[in-house]
Amino acid sequence: MTVRPTVREAVVELLRAHGCTTIFGNPGSTELPLYRDFPDDFRYVLGLQESIALAMADGFAQATHNAAVVNLHSAAGVGHAMGTIFNAHRNQTPLIVISGQQARSMLTGQPYLYSDEPAELPKPYVKWSREPARAEDVPAAIARAYYVAMTPPRGPVLVSVPVDDWDQPADLVEPRVPGSVLRGDPSALASVAQALGIARNPAFVVGAGVDRDMAFGDVVALAESQKAAVWAAPMSYRCGFPETHPLFAGFLPPVRDKLAETLAEHDVVVVLGAPAFTYHVESPGPVLAPGTRLFQLVDDPAQASWAPTGTSVITSVRQGARDLLALTPAADRSVPARRVLPPRIVASPDGPITPELLVQTIADLRPRDSVIVEEAPSTRPVMFERLLMDQPESFYTTPSGTLGYSMPAAAGIALARADRQVIAVIGDGACMYSVQSLWSMAQLGLTHLTVVIVNNSSYATVDNFARRFDIGKPVGTSLPAIDFVSLARGHGVSASRVSRPEELASSLRAAFAGDGPHLVEVQVY
């Protein structure tokens, strides 16, 4: 008689075949049987709160280009992680969320620590979710989850597994390799190429999809061929074009009338790997100025469907850029004027540390191939001008404005990319959403990770935004008396504080050269 493997054994074999041997989580009672006889070639990464575990998995998945596995505790754990699931949805990050569930025999009532509608709870921010009807169906459900998560447009999925399923018999599932390239309609791509060929002053708008689809070099070649200005899409959360390149024009504002005004000089605009467009501030007016034609190349049909004007082509960004490069003759037009950057800051020994000085110093001292992970919203405009990213997979930030993502995501990226220095630039308010991730950084021994806290003792971006509503000082935005050095040391991370300009360079230089995770609290004014 052949002995069938258990559900747990079948799932472990499936995950091993897909290279998913790192599991992120915060364990609860309904997940424990998954970890019976935990295999030696697997690694469990503990986050001290579910949203932290999921954000670490998100960073890890983006850096490895493979789905990451997150194990969450029933409804409570999924609820804690929902903000980060929303981030993963916006990031198009392939995550397999395995959530615990009470025993099947108990589900006729309302037992303690169960999920009433587990497949509905994470919607609409997962691509697919199921609680399998039978225990023996769990491996096949997780196989399907991997396939769905990894098929463009990628994204998170969820499988709810009752606690008594893991020890039941099941069959092994043969892993399938999902398709990763979408080819755009040839006639639609030809229309884009034709428009570029006759354009007087074209522009490209690049978004996170360029970096996510590893199309960085292809888009550079396309822009150089067309001698076209390149703008970063509004609120873009990855670097899609080298910001030191002569063709890089700057960052589009997330405001409709200002964006249309910025692009008014261009007669053809081609958006690559981004929505058309993401706005943050309400304003009237048309999407683009009259006479400007819009095209969009994106792998997400949902993004294409809500583009208010123009022609959208569903394609992988890298493949679409290559197809356009092959279809469009090299342009015979003048090169656009270079972007003008502000002059360097000269620090005064008696003056304060300004955000400009801090960002300029980070730019001066960081290794050229380092990765910046940012969540300091009020400092981001300064970074646009003084911390220029020019390499692929070099910049990450929260894709939705949901705070608490970037610090644990930096830990996940550092775990995956031991070959690159990771520098997390985090606001003081943002840090407190996921301060427990410092403990995970210490436990993982992430020797090439530095956290820089931009401490302005406030939710400064909310203060700035309040001016749009003619509010002088909103309530609840002051954050005095938080000791980040003590918080870091209490979690096992070495730390230092900088309050004077003459201390800044030496402190950052020592942190970047250190042999363990280090936090630098910088008091800015």
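Data overview
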item: The one condition in (1) closer than 18 Å to residue 236 by Cβ; (2) under 21 Å from the mean Cα position of the chain (by Cα) that residue 370 fails to fulfil; result: (1)
item: Scan of the stretch 184-220 for residues that are basic (Lys, Arg) and either crowded, with 17+ Cβ neighbours inside 10 Å or modelled with pLDDT under 95 (or both), ordered by number; result: 212
item: Among the candidates 406, 440, 434, 457, residue that is closer than 29 Å to residue 206 by Cα and not basic (Lys, Arg); result: 406
item: Residue check, residue 398 under 28 Å from residue 467 (Cα atoms), touching a residue at least 40 places away in the same chain (Cβ under 8 Å) and touching a Gly at 6+ places or on another chain (Cβ under 6 Å); result: no
item: Residue within the stretch 145-153 that is open to solvent by less than 10 Å² (accessible area, probe 1.4 Å), in contact (Cβ under 8 Å) with a residue 24 or more places away in the chain and either over 27 Å from the mean Cα position of the chain (by Cα) or within 22 Å of residue 313 (Cα to Cα) (or both) present; result: yes
item: Members of the stretch 221-234 found to be open to solvent by less than 30 Å² (accessible area, probe 1.4 Å) and not in a loop (DSSP other than H, G, I, E, B), listed by number; result: 222, 223, 225, 226, 229, 230, 232
item: Given (1) in contact (Cβ under 8 Å) with a residue 60 or more places away in the chain; (2) farther than 30 Å from residue 187 by Cβ, index of the condition residue 374 fails; result: (1)
item: So residue 395, is it open to solvent by 40 Å² or more (accessible area, probe 1.4 Å) and within 30 Å of residue 199 (Cβ to Cβ); result: no
item: Lone unmet requirement of (1) part of a loop (DSSP other than H, G, I, E, B); (2) free of Cβ contacts under 8 Å to residues at least 60 places away in the same chain for residue 245; result: (2)
item: Single residue of the stretch 421-432 satisfying the filter (surrounded by 24 or more Cβ atoms within 10 Å (Cβ to Cβ) and not small (Gly, Ala, Ser)) that is nearest to residue 50 (Cα to Cα); result: 431
item: Long-range neighbours under 6 Å by Cβ, at least six apart or interchain, first residue in a loop (DSSP other than H, G, I, E, B) within the stretch 119-143, second buried (at least 19 other Cβ atoms within 10 Å of the Cβ) and of a type in the set (S, T, N, Q); result: 119/129; 122/129; 131/160
item: Residues (closer than 17 Å to residue 69 by Cβ, β-branched (Val, Ile, Thr) and either in contact with an Asp or Glu (Cβ under 9 Å, 6 or more places away or on another chain) or open to solvent by 30 Å² or more (accessible area, probe 1.4 Å) (or both)) located in the stretch 154-169; result: 159, 161
item: Residue 442 being assigned to a helix (DSSP H, G or I) and either among the charged types (D, E, K, R) or buried (at least 24 other Cβ atoms within 10 Å of the Cβ) (or both); result: no
item: Filter result (touching a residue at least 24 places away in the same chain (Cβ under 8 Å) and assigned to a helix (DSSP H, G or I)) within the stretch 474-505; result: 484, 485, 487, 488, 501, 502, 504, 505
item: Residue in the stretch 313-323 that is free of Cβ contacts under 8 Å to residues at least 24 places away in the same chain, out of contact with any helix residue (DSSP H, G or I) (no Cβ under 8 Å at 6 or more places or on another chain) and farther than 30 Å from residue 466 by Cα present; result: no
item: Residue that is of a type in the set (Gly, Ala, Ser) and surrounded by 20 or more Cβ atoms within 10 Å (Cβ to Cβ), where the choices are 378, 348, 334, 400; result: 378
item: Odd one out for residue 418, checked against (1) part of a loop (DSSP other than H, G, I, E, B); (2) open to solvent by less than 20 Å² (accessible area, probe 1.4 Å); result: (2)
item: Scan of the stretch 503-525 for residues that are within 10 Å of residue 452 (Cα to Cα) and open to solvent by less than 10 Å² (accessible area, probe 1.4 Å), ordered by number; result: 508, 511, 519, 520, 521, 522
item: Those strands (runs of 3 or more DSSP E) lying entirely in the stretch 1-92 with at least 1 residues among the hydroxyl-bearing types (Ser, Thr, Tyr) and surrounded by 20 or more Cβ atoms within 10 Å (Cβ to Cβ); result: 22-25
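The values are calculated or read from the model by the stated rules, or taken from the named source; none is laboratory data. Everything quoted here is computed from the prediction, not taken from an experiment. Positions of Cβ are backbone-derived with ideal geometry, glycine not excepted, and every protein chain shown enters the neighbour counts. Surface accessibility is based on the protein's heavy atoms, side chains included, excluding ligands, DNA and RNA. Shrake-Rupley method; radii C 1.70, N 1.55, O 1.52, S 1.80 Å.
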